[in-house]
Amino acid sequence: MYTEKIKADLLKKDPDQKEFLQAAFEIIDSLDPVFKRHPEYEKADLLSRLTEPERVIMFRVPWVDDNGKVRVNRAYRVEFNSAIGPFKGGLRFSPSVNLSVIKFLGFEQIFKNALTGLPMGGGKGGSDFDPHGKSDMEVMRFCQSFMSELYRHIGPFTDVPAGDIGVGAREIGYLFGQYKKITNEHSWALTGKGVAYGGSLGRKEATGYGLLYFLQAMLKDHGLDLAGKSAVISGSGNVAIYAAQKAKELGLKVIAMSDSGGYIKDENGIDVETVKMIKEVKRGRISEYVTHHPEAEYQKDPRGIWQVVCDIALPCATQNELAEADAKELIANGVIAVCEGANMPCTPDAQRLLLENGILYGPGKAANAGGVAVSGLEMSQNSLRLCWTFEEVDSRLKEIMENIYATTAKVAKDYGHKGDLIVGSNIAGFLKVAEAMMAQGIV
Ligand code: NDP
C-alpha cells in the first residue's frame, strides 16, 4: 500500500528522527481513505513530496556571555511546505531542540495552518540555546547573532517566524530589532510582535483562548458544557497561562498547573494572576506559588499532575508529556475530555487509549491552532496597516476555532471515523494542501 511504502522510505532515510517519524506516521496513518478516493494524489506522489522539506537551513550562532566567554549554539529553520502561503511557524529555544524536533513541528504546522483557513504554509525553527538562567543582555546578544544569519532566509512573502517554547515577547523584540537593523525595513517578517511595533492585540492570549474555544465547541457538540467542571493544565508558559485565564472566565475551575520542575495543586482554583507574576514578571519557578497560597500544595514530579482527579486535562507544556500510564490514571479518575494546547503532548499509545475509552480528544493540530491563526490576523493587519481592537481579533479567533472544530468533526464523519478528530484534522488539513500542490505542478 502507498502509505506503507512512504513510511518505510522515511524510516530508511531518517531512522534517528524519532519525533519527526512519530508525527509523520500519525498523519500518514490517517490518509489511506483519502488515497482510495483520490488515486491522482498517489500518481503525483504527494506524500513523498510533502514529507521532504522544501528547504532545511542549519547554522551556527556564536555569542559572548556575561563573563566574556565565547559560546556557540546550533540553529535550524525548516521551510517545510509553501503550497498555500509563505512558510509560517514558530522558533523554539530549548536544549532539547534538534533537527528531528524541528521537523516534527514543521510538518505538523503544514496541516495546522491549513485548518485555520488562512494562507500560510508550514515551517519551524529554533536553537538548542537555553534561555533559563541567562541575563537579558545574554538573551539579546544570542537573538542578534541568531537573526544575523536567519534574516537572509525570511521575509513577509517568504517565511514568517513567530514564538514557541523559550521564545516570548522579549525574544521576538530582540529578533525583530536586529532584523529591522540589517534589512533597513520595518517589514513584517515576524509575528508575535509587541503591540507598540506592529503586533496584534490578542496574539499573546490566542493559543490558550483558542484552545478553550475549541474545547467548548467539542463539549457543546456532545451536549456538555464547561461550567462547574474541573481541569488540570500542564505547563505555566504562554499557552498554559492564557488557557487558565479563559477557563476561569468560562466557569471551568483549574486546580493544577506545572513547570518542568513540578506541579501545584490548589483545590480552590489556581490564581492565574499569581502564576503570571511568577512566570511572566519574575521568570521564577511554579513552586513559589505555595508561598503566596499556603493552602496549595507543590509536588516535585511534573508528571504527577496527571494523577490529579479532574474532568478535563489540557496538556500545554511539551511533546510526549502524557504517556499511556498517565492516560490510564486520567481515565480511572473519570476524565471526560483531553484537549492539546501543546504540540504532540500525548504519545501514540496514550492517544489510542483515550479514544478507545470514549474520551473526547482534541488533537493539538486543531485545538492549538489559535496562536498561528492570530499570527495570520497579525499579518493581515500589517498588510492593511491597520490595528483591530482586542474584541475584533478575539471574535475572529473564536469563529476560526469553531470552524476548525466543525470541519474536523465533519471530515472525520465523512471518512467513516465519526468522533475521531485525529483522523478529521489530518485529512482536512491534507486535503487543502493537496489541492494546492496538485494545482501548482511538480515543483
Ligand atoms: P513557554 O516556553 O511559554 O512555556 C512552556 C512551559 O512548559 C513552561 O512553563 C515550562 O516550564 C513547561 N514545561 C516544559 N517541559 C515540561 C515538562 N516536561 N513538564 C511540565 N512542564 C514543562 O512555551 P509555550 O507555552 O509557548 O508552548 C507550550 C507548548 O505549546 C509547546 O508544545 C508549543 O509548541 C505549543 N504551542 C505554542 C504556541 C504559542 O503560540 N506559543 C502555539 C501552538 C502550540 P519551565 O518554566 O520549567 O521551562
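Need the full-extension length gain, residue 227 to residue 148, defined as separation in residues times 0.36 nm minus the C-alpha distance. One decimal, nm. Write down the numbers at each step before the final one.
Working: separation 79, 0.36 × 79 = 28.44 nm, distance 4.87 nm.
Stretched fully, the residue 227-residue 148 segment lengthens by 23.6 nm.
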With the dipole of the chain defined by +1 on each Lys or Arg Cβ and -1 on each Asp or Glu Cβ, the option from 59, 30, 114 whose Cα lies farthest towards the positive pole is 59
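Report the local net charge at residue 64: Lys and Arg +1, Asp and Glu -1, summed over other residues whose C-beta lies under 15 Å from its C-beta. Don't jump to the answer; show the numbers that get you there.
On the way: positive: 60, 69, 71, 134, 141; negative: 65, 66, 136, 138.
Within the 15 Å Cβ shell, the charges total +1.
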At a Cα cut-off below 14 Å, give the aspartates and glutamates reachable from residue 398, other chains included and same-chain residues fewer than 8 away excluded. 205
Label points 7 Å out from Cα along the Cβ direction at residue 1 and residue 25: separation in nm? 1.5 nm
The local net charge around residue 230, scoring Lys/Arg +1 and Asp/Glu -1 for residues other than residue 230 whose Cβ lies under 13 Å from its Cβ, equals +1
Search the structure for amide H atoms under 5 Å from the amide H of residue 89, placed 1.01 Å from N in the peptide plane, and list their residues when 5 or more places away or on another chain. 123, 160, 162
Between residue 344 and residues 5 or more places away or on another chain, the pairs with built amide H atoms under 5 Å apart involve 364, 365
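Mind ordering 391-397, 87-93, 19-25, 46-52 by average Cβ neighbours within 10 Å, highest first?
Details: 391-397: 17.6, 87-93: 28.0, 19-25: 20.9, 46-52: 19.1.
Order by mean packing, descending: 87-93, 19-25, 46-52, 391-397.
How big is the charge dipole of the range 53-186 about its Cα centre, in debye rounded to the nearest 20, if each Lys and Arg gets +1 on its Cβ and each Asp and Glu gets -1 on its Cβ? All intermediate terms of the calculation are to be shown ahead of the outcome.
Details: 17 positive and 14 negative charges, 32 e Å.
The calculated dipole for the range 53-186 is roughly 160 debye.
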How much length, in nm to one decimal, is gained on full extension between residue 249 and residue 9, taken as 0.36 nm per residue of separation minus their Cα-Cα distance? 81.6 nm
Report, in listed order, any pair from 124/365; 7/112; 253/410 with a Cα-Cα distance greater than 18 Å. 7/112; 253/410
With Cβ to Cβ distances under 12 Å as the rule, what net charge do the other residues near residue 166 carry (K, R +1; D, E -1)? 0
Heads up, I need the accessible area for residue 329: 1.4 angstrom probe, whole protein in place, Å², nearest 10. 70 Å²
Per DSSP H run of at least 4 residues, take -39500 (n - 2.57); add these up for the chain, divide by its residues and hand me the 222 nm value, nearest 500 deg cm²/dmol. -14500 deg cm²/dmol
Percent antiparallel among DSSP beta bridges confined to the chain, nearest 5, equals 55 percent
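Are there trypsin sites (Lys or Arg not before Pro) in the range 211-307 that DSSP marks as loop and that have at most 14 other Cβ atoms within 10 Å, and which are they? Show your work: numbers first, answer last.
Details: sites: 220, 229, 246, 248, 253, 265, 276, 279, 282, 283, 285, 300, 303; in loops: 229, 282, 283, 285, 300.
Listed in order of number, the matching sites are 282, 283, 300.
The values are calculated or read from the model by the stated rules, or taken from the named source; none is laboratory data. Small disclaimer: the values here were computed from a predicted structure and weren't measured. Quick reminder, even Gly has a Cβ in these numbers, built from the backbone with ideal geometry, and neighbours come from all protein chains shown. Just the protein is used for accessible areas: all its heavy atoms, side chains included, with ligands, DNA and RNA removed. Shrake-Rupley method; radii C 1.70, N 1.55, O 1.52, S 1.80 Å.
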